[in-house]
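A short write-up of the structure that comes next.
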Amino acid sequence: MRLSHPLIIGAGPAGCAAAIALGRGGTRCTLIDRDEEVGDPLCGGFLSWRTAEQLEALDVNIDALGAHRISRLRLFAGTRSSEVALPRAAFGLSRLALDSEMRRMAIANGAQFSVDTIRGVDSGKAIGSQREWNAPAIFLASGKHDIRGQSRPRTAKDTTLGIRLRLPATPKRTSLIGDAIELHLIDGGYVGIVLQEGGSANICLAVRKSALARAGGSPDGLFAQLADQHPAMAERLGDDLRDARTDTIGAVPYGWICSDTAPGLFRLGDQAAVIPSLAGEGISIALASAQAAARSHSANRSSQDYQAEFATRVRRPVRLASTLWHTAETHLGARAAIALSRMAPGLIATLAQGARIPPVA
């Protein structure tokens, strides 16, 4: 199918934000996703204060979606813990709720939605399982899933895996977690825990493949091992662990930034830069890249100029988040993080602020 307008691959936050921005600027677009029904992807359940600002600018009302307000950061390392106030309020919101609203808004702003699984992208065309799509501009917003011909490099010998549990609301879990985003620092990774709409708990684990192998290669076995070794983790997992479904994604190239692209190809979100999820800024990067790409396209600027400028914009927060991640995943680094947060809580807030993507002037 030959299009006279942009094609957007992926109806997550990045793709939908691009569709909304293009539509409000008077540009038609076709929005493709492999799933007709909105799902609940593994990453992005924490919205930073910067992300909340970006969503407000798009007229996305996260309060109406039931977002859970977060005001504190709580750190755990073994039997040690600490707590600091966040610089500004953040929020817990499931991707199901966020993506559903953003897809609705994209269609309301004129995007033509189609279902297809894109197998490859090359030279102004996207090859799907249903048909071949030809477009003057392609916005690649497929998240952490690579498309043949545009794969991101993976050079780490011990790759990072993403694992997620969703646990139902319980009085005990609500009391334990409250209005905090928790980071449980473990050897080879960390576990992030936050409450979302309705009080359900989103538990995401970013861990080295070697750590999973030491637990027998099973995500369930790894969570059981963590519960045995970390009392605070066991309290939060409770007895629900046996009945919970585990979602996984492999070989996440944290720290990667795309600085160049093919003519007419705008890479968005995780296809533009992959910030370690410890920073909680993935959705912000998705929205910022979508807005920047839509502006560049509307101004008839090249995709290469957009990509180079966006890479410069995200380089500092991605590098800072990568440094914090590599430090925190070691035993000594985790203990140092606890000590530092107790002695200089203001510095922790400064580091959290530094990991945010800067807004456009």
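The values are calculated or read from the model by the stated rules, or taken from the named source; none is laboratory data. Everything numeric here is computed off the predicted structure, so don't read it as measured data. Virtual Cβ from ideal backbone geometry, glycine too; neighbours counted across all protein chains shown.
Selection over segment 127-150 of residues that are among the small types (Gly, Ala, Ser) and outside any loop (DSSP other than H, G, I, E, B) gives a count of 1. I'd like to verify a number: residues in segment 185-198 that are under 23 Å from Asp40 (Cα atoms) and part of a strand (DSSP E or B), how many? Going through segment 185-198 one residue at a time, the tally reaches 7. Search segment 250-274 for residues being crowded, with 21+ Cβ neighbours inside 10 Å and among the charged types (D, E, K, R), and hand back the single one that is farthest from Ala355 (Cα to Cα). Applying the filter and picking the extreme gives Arg267.
Filtered by the rule that a residue be hydroxyl-bearing (Ser, Thr, Tyr) and either in contact with an Asp or Glu (Cβ under 8 Å, 6 or more places away or on another chain) or in a strand (DSSP E or B) (or both), segment 66-82 gives Ser71, Ser81, Ser82. The residues on offer are Ser151, Ser100, Ser210, and the sole one that is of a type outside the set (Phe, Trp, Tyr), out of contact with any Asp or Glu (no Cβ under 7 Å at 6 or more places or on another chain) and farther than 20 Å from Ala11 by Cβ is Ser151. Note on segment 8-47: among residues that are within 11 Å of the chain's Cα centre (by Cα) and in a loop (DSSP other than H, G, I, E, B), the one that is modelled with the highest pLDDT is Gly12.
The number of residues in segment 89-110 being buried (at least 21 other Cβ atoms within 10 Å of the Cβ), aliphatic (A, V, I, L, M) and not in a helix (DSSP H, G or I) comes to 2. In segment 155-187, which residue that is within 20 Å of Gly66 (Cα to Cα) and hydroxyl-bearing (Ser, Thr, Tyr) is surrounded by the fewest Cβ atoms within 10 Å (Cβ to Cβ)? Of everything passing the filter in segment 155-187, Ser175 is surrounded by the fewest Cβ atoms within 10 Å (Cβ to Cβ).
Selection of segment 114-123 for residues being more than 30 Å from Ile203 (Cα to Cα) and surrounded by fewer than 17 Cβ atoms within 10 Å (Cβ to Cβ) yields Arg119, Gly120, Asp122, Ser123. Residue count for segment 293-303, restricted to those that are within 19 Å of Gln150 (Cβ to Cβ) and in contact with a Leu (Cβ under 9 Å, 6 or more places away or on another chain): 3. When the test is whether a residue is in a helix (DSSP H, G or I), of a type outside the set (A, V, I, L, M) and free of Cβ contacts under 8 Å to residues at least 40 places away in the same chain, Glu56 passes it. For residues in segment 249-282 being β-branched (Val, Ile, Thr) and within 21 Å of Ala328 (Cβ to Cβ), which is modelled with the lowest pLDDT? Among residues in segment 249-282 that are β-branched (Val, Ile, Thr) and within 21 Å of Ala328 (Cβ to Cβ), the one modelled with the lowest pLDDT is Ile249.
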